[in-house]
1. Regarding residue 233, is this residue more than 17 Å from the chain's Cα centre (by Cα) and either assigned by TED's automatic domain parsing to the domain that holds residue 7 or modelled with pLDDT under 95 (or both)?
2. In the range 209-232, is there at least one residue being of a type in the set (Lys, Arg), more than 20 Å from residue 99 (Cβ to Cβ) and not in a strand (DSSP E or B)?
3. Since residue 202 meets every condition but one in (1) touching a helix residue (DSSP H, G or I) at 6+ places or on another chain (Cβ under 6 Å); (2) under 21 Å from residue 84 (Cα atoms), which condition does it not meet?
4. What about residue 80, is it surrounded by 20 or more Cβ atoms within 10 Å (Cβ to Cβ) and either β-branched (Val, Ile, Thr) or in a loop (DSSP other than H, G, I, E, B) (or both)?
5. Any residue that is part of a helix (DSSP H, G or I) and either out of contact with any Phe, Trp or Tyr (no Cβ under 9 Å at 6 or more places or on another chain) or surrounded by 14 or more Cβ atoms within 10 Å (Cβ to Cβ) (or both) - is there at least one of those in the range 118-133?
6. Based on this model, can you work out whether residue 158 counts as in a strand (DSSP E or B) and either among the charged types (D, E, K, R) or modelled with pLDDT of 95 or more (or both)?
7. Condition first: hydrophobic (A, V, I, L, M, F, W, C) and out of contact with any Ser or Thr (no Cβ under 6 Å at 6 or more places or on another chain). Now tell me which residues in the range 88-106 satisfy that.
8. Restricting to the range 27-65, and then to whatever is closer than 22 Å to residue 139 by Cβ and of a type in the set (A, V, I, L, M, F, W, C), can you tell me which residue is modelled with the lowest pLDDT?
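The values are calculated or read from the model by the stated rules, or taken from the named source; none is laboratory data. All of these numbers come straight from a predicted model, not from anything done at the bench. Note that each Cβ is placed from the backbone with ideal geometry, even for glycine, and that neighbours are counted across all protein chains shown.
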Amino acid sequence: MIEPIEHAADILSKAKSAVALTGAGISVESGIPPFRGKGGLWEKIDPMKVAHIDAFLDDPETVWKLLIKDMKTVLDTARPNPGHIGLVDLERLGILKTVITQNVDGLHQMAGNSDVIEFHGNFAWQSCLDCNQSIKTSQVDLTQMPPRCSCGGILRPDCVFFGEMIPHDALIRSQRVSAACDAMLVIGTSALVQPAATMPLIAKDNGAVIIEINPEPTPLTSRISDLPLLGGAGSIMPRLLKAIRRRGPST
């Protein structure tokens with residue numbers, strides 16, 4: 001019986017338009033704690049009280065202090081791990097075309113992926129609520145809470161809060177590339193949160209093979225995934241790339 005890694009390598013080495021769907025699990029190995037699940041941030045604080053757009057607009061100082069300030073501190077020092085680098089390597093091999101991510105950390109772009117669809121926006125930038133001017137999060141001064149723009153307006157991260165819509169263009173593009181892909185890597189997510197959860201379904205309904213990389217079985221494993229690879233992306237991806245390279249250029 002063929003080993004799962006070798007089986008996945010066979011599939012990907014023949015793929016012409018693979019897509020990856022990533023969640024918080026791929027960034028845990030970069031030191032970024034997840035929001036959901038065991039040990040996640042939402043076990044400690046109520047997301048409706050600190051991560052809803054109404055909560056931010058009602059009391060931006062509290063939301064900055066309880067949520068955004070700590071996120072900035074973590075993300076300022078976070079760097080891509082071998083899971084991210086593996087996706088860049090797949091792109092350079094001509095296998096991976098697009099990354100759809102639920103993450104806001106910008107690590108896929110930092111690693112080198114060129115086409116990243118961000119479902120929930122990006123924490124790398126802040127926007128002024130008054131003048132809409134943008135400023136890099138790394139340049140935000142935290143001595144004042146909430147931080148303010150040079151015009152005096154309050155800054156907010158370019159992330160999607162609870163109560164806000166997923167960017168329309170991101171949703172439409174994600175649906176399109178999912179329908180067109182011949183293989184989908186689902187990494188570090190159980191794909192239970194809508195609308196991201198529909199992407200593996202769209203891919204599978206259009207004939208794609210679903211390869212799941214997660215440390216533990218998820219609801220996807222038994223229902224959607226064709227080939228589950230149990231383990232962290234940081235350990236699985238280098239092994240997978242090694243197996244693909246052994247096969248040489250696809251024909």
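1. no
2. yes
3. (2)
4. When the stated conditions are applied, residue 80 passes them.
5. No: zero hits.
6. Yes: the conditions hold for residue 158.
7. The answer is 88, 90, 93, 95, 96, 99, 104.
8. Looking at residues that are closer than 22 Å to residue 139 by Cβ and of a type in the set (A, V, I, L, M, F, W, C), I get 32.
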